[in-house]
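Heads up, the thing below is written out as structure tokens.
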Amino acid sequence: MNTEQILAQLRDVHAPDTLSWWPLAPGWFVVAILGLIFFIGFIYLYKKHQQKVYRRQTTLQHLQKLRHLGEEHYPLVYQELSTLLRRIALLTHDRTQVAHLTGEEWLKFLDAQCQTQVFSQDIGRLLLSAPYFPGNETLASPMPLLDITEAWIKRCI
């Protein structure tokens, strides 16, 4: 073979075909699934946090309404405060753990949530008797109890 024949057999350089973006490598599917799980988890935690914030805000607003009631409504304030604390406990804890609590056990439960003793050994003891006083009974001002309840809500909810 002569050189001209050999040169005639040569062809131009061809670029390789372009790579397709589909199908993706298996690693990208793993990344996509992990990203989806992360996104769903983030949305779930965000919604849970928003519920907690909303619950705290509405509870504190209710406490503010109770603060503005006059002296003639003190029995009502104690009743509402007792009911409010019970509702909060039922919302934030297992019903079987909270629903049966009464008396000293109830006050100890409230104290245990924030590692305090203000309910079982201080002004919080009024929650045991004051909600059940008749309307014409003279009661102490509920403002200190409203203050410790507000602090309890801010720390424990």
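Quick one: net charge of E104's neighbours, Cβ under 15 Å, K/R +1, D/E -1? Every neighbour counted, the sum reads -1. The simple Förster model, with R0 at 41 Å and r as the Cβ-Cβ distance, assigns E71 and K47 a FRET efficiency of 0.50. As a proxy for reagent exposure, L146, L110, L81 were ordered by neighbouring Cβ count within 10 angstrom, fewest first; the result is L146, L81, L110. Using the rule -39500 (n - 2.57) for each DSSP H run of four or more residues, divided by the residues of the chain, the 222 nm mean residue ellipticity is -21500 deg cm²/dmol.
Taking other residues whose beta carbon is less than 12 angstrom from the beta carbon of D122, and scoring Lys, Arg as +1 and Asp, Glu as -1, yields -1. Counting charges near T149 (Lys, Arg +1; Asp, Glu -1) among other residues having Cβ under 15 Å from its Cβ returns a value of +4.
Here the peptides 20-26, 55-61, 95-101 are ranked by packing, the mean other Cβ count within 10 Å, and the order with the highest first is 55-61, 95-101, 20-26. Taking only the C-alpha atoms of segment 1-77, the Rg (one decimal) and the largest Cα-Cα distance, Dmax (whole number), read 36.4, 121 Å. Each residue in I153, I40 was given a count of other beta-carbon atoms within 10 angstrom of its own, and listing them fewest first yields I40, I153. Sequentially through segment 120-133, phi angles give Karplus couplings (6.51, -1.76, 1.60; θ = phi - 60°) of 7, 10, 9, 4, x, 5, 4, 5, 6, 10, 4, x, 9, 5 Hz, Gly and Pro residues having no value and appearing as x.
Each value in this text was obtained by applying a stated rule to the coordinates, not by laboratory testing. Because the structure is predicted, anything quoted here is derived from the model rather than measured. Quick reminder, even Gly has a Cβ in these numbers, built from the backbone with ideal geometry, and neighbours come from all protein chains shown.
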